């Protein structure tokens, strides 16, 4: 049985009080989300690392002033986008900057559909940050393309091959009930043709 994840609010409070383990846990949970947002701006690996470090520094500065610690995922997304745009503006002054295009240029499909997929992916990663580490690690591996085999996943996570399916099911159910995913599914937003925002609760 997977251990319960420490609530995000408790981690934020502890990290604000100077507990390094709580800070490391926050970084570990939200690093996939942060990197995913930055990569949509097509930065180089070194640029991505620089922007990520800037975002973490900004978070350290503002951690104690977050009015709602549970909203940390949204803060990270907004700050990552802003810092990525700032980096592009300062390092590539002759490159016409269209933030929306830059952030989704690597995707295919119509613009509305690309934006929808990007938003949904961010919601998934924000939801994953709410899960226990073992469930989070498993779902992140299952999201990889190409997806590793169950044997490879077992070797990486220590989860027996026969337990991967049931663990995945429990993790997906918990993901569907996470605050970011529930808020996304409850929001009244227009959908692209052929899209279904309830897919945000799945990895299929």
Checking residue 145 against (1) part of a helix (DSSP H, G or I); (2) modelled with pLDDT under 85, the condition it does not meet:
(1)
Filter result (crowded, with 19+ Cβ neighbours inside 10 Å and at pLDDT below 85) within the stretch 116-142
116
Here are some conditions: (1) within 18 Å of the chain's Cα centre (by Cα); (2) modelled with pLDDT under 90. Residue 113 meets all but one. Which one does it not meet?
(1)
Exactly one of 26, 33, 43, 59 is crowded, with 17+ Cβ neighbours inside 10 Å, over 16 Å from the mean Cα position of the chain (by Cα) and either under 16 Å from residue 77 (Cα atoms) or touching a residue at least 12 places away in the same chain (Cβ under 8 Å) (or both), and that residue is 43
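The values are calculated or read from the model by the stated rules, or taken from the named source; none is laboratory data. Predicted model, so just to flag it, every value in this text is computed and none were measured. When we count neighbours, we look across all protein chains shown, and the Cβ atoms used for this are built from the backbone with ideal geometry, even at glycine.
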